[in-house]
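What follows is a set of notes on a single structure, which appears directly below.
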Amino acid sequence: MNDSLQHFNTPWGNFSFAPQNDLEATIIQDTTWQQGLFFGKPRRGHPEGQIWPHILEVMQNVEALRDSQSEEVVTKLRLITLIHDSFKYQVNPRKPNIGSNHHAWIARSFAERYIQDKAILEILELHDEAYYAWRLGGWHQDWLSARYRLDQLLRRVDKFALLYYLFFKCDTQTGDKDQTPLIWFEEEVQQHLQLVIP
């Protein structure tokens, strides 16, 4: 696949991207994905506002892993990055932000059109779960529930815990996000899974 820069003029805005493979090229031409790129306003954790600048920032973090991770890992992380937040625009704000009305669930549903890899699909659905687990303790001082929720997450991502961690790190080290959830997650994962943190 020639990874030359491609330019798109869409009804929602313009963007440029250099796909690394045919699957990335297919995804970025999907108009339901394109529409989500220009959704959002500046807010805490996301001073960039719209989704597209956030995707590019996460992608930079992924690309920085090329020296330490395999091409397969980087390829999977790139796909997760492209899709993970691109469907926030489809969330109905008048309904609870859970289940099929959560952007991560919608992202997974979209990805299932193109991707069969279980690790990618599960991480798309669960990509914010480590943060939600930390929030139970960090915001509500309920560390028992935080660790229970984390344990549930680790059971689901068991065989691809490192991939989950790498994406969570790439996603968290963006914008002006609080790094405390990442630090907590790293400590917990090292303790429970003896995972070697790069």
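Just to verify a result, which residue in the range 67-108, among those that are among the polar types (S, T, N, Q) and under 14 Å from the mean Cα position of the chain (by Cα), is farthest from D128 (Cα to Cα)?
Just the residues of the range 67-108 that are among the polar types (S, T, N, Q), to begin with: 68-70, 75, 81, 86, 90, 92, 97, 100-101.
Narrowing further to those that are under 14 Å from the mean Cα position of the chain (by Cα): 75, 81, 86.
Values: T75: 20, T81: 13, S86: 14 Å.
Top of the filtered list is T75.
Could you tell me whether the range 118-138 includes any residue that is under 18 Å from L77 (Cβ atoms), in contact with a His (Cβ under 9 Å, 6 or more places away or on another chain) and hydrophobic (A, V, I, L, M, F, W, C)? Lay out the reasoning, then the answer.
Within the range 118-138, the subset under 18 Å from L77 (Cβ atoms) is 118-131.
From what is left, the residues that are in contact with a His (Cβ under 9 Å, 6 or more places away or on another chain) are 123-125, 127-128.
Next, from what is left, pick out any that are hydrophobic (A, V, I, L, M, F, W, C): 123-124.
Yes: the range 118-138 contains one or more residues that are under 18 Å from L77 (Cβ atoms), in contact with a His (Cβ under 9 Å, 6 or more places away or on another chain) and hydrophobic (A, V, I, L, M, F, W, C).
Which residue pairs have Cβ atoms closer than 8 Å, lie 6 or more positions apart in sequence or on different chains, and pair a first residue in the range 174-191 that is under 12 Å from L150 (Cβ atoms) and touching a residue at least 24 places away in the same chain (Cβ under 8 Å) with a second residue that is surrounded by 11 or more Cβ atoms within 10 Å (Cβ to Cβ) and basic (K, R)?
Close Cβ pairs (under 8 Å, with a partner that is surrounded by 11 or more Cβ atoms within 10 Å (Cβ to Cβ) and basic (K, R)) amount to P181/R135; E188/R147.
Within the range 119-176, which residues are farther than 22 Å from S100 by Cβ and of a type in the set (G, A, S)?
Of everything in the range 119-176, those that are farther than 22 Å from S100 by Cβ and of a type in the set (G, A, S) turn out to be G137, G138, S145, A146, A161, G175.
Out of all the residues in the range 94-108, which are of a type outside the set (G, A, S) and part of a helix (DSSP H, G or I)?
Hits for the range 94-108 are N101, H103, W105, I106, R108.
Output the residue which, of all residues in the range 1-31 that are over 20 Å from the mean Cα position of the chain (by Cα) and among the charged types (D, E, K, R), is farthest from M59 (Cα to Cα).
D22
Going through the range 14-29 one residue at a time, which ones are in contact (Cβ under 8 Å) with a residue 24 or more places away in the chain and surrounded by 14 or more Cβ atoms within 10 Å (Cβ to Cβ)? Show your work before the answer.
So in the range 14-29, the residues in contact (Cβ under 8 Å) with a residue 24 or more places away in the chain come out as 15, 20-21, 23-28.
Selection gives F15, Q20, L23, E24, A25, I27, I28.
From E57, E72, E63, which residue is in contact with a Lys or Arg (Cβ under 9 Å, 6 or more places away or on another chain), surrounded by fewer than 19 Cβ atoms within 10 Å (Cβ to Cβ) and on the phi < 0 side of the Ramachandran plot? Quick ask: steps written out before the conclusion?
Details: E57 fails: in contact with a Lys or Arg (Cβ under 9 Å, 6 or more places away or on another chain); E72 fails: in contact with a Lys or Arg (Cβ under 9 Å, 6 or more places away or on another chain).
After ruling out the rest, the residue left standing is E63.
We did not get these values from a lab; they are worked out from the coordinates using the rules stated. Please read all numbers here as calculations on a predicted model, not as lab measurements. Cβ sites come from the backbone with ideal geometry, for glycine too, and all protein chains shown count toward neighbours.
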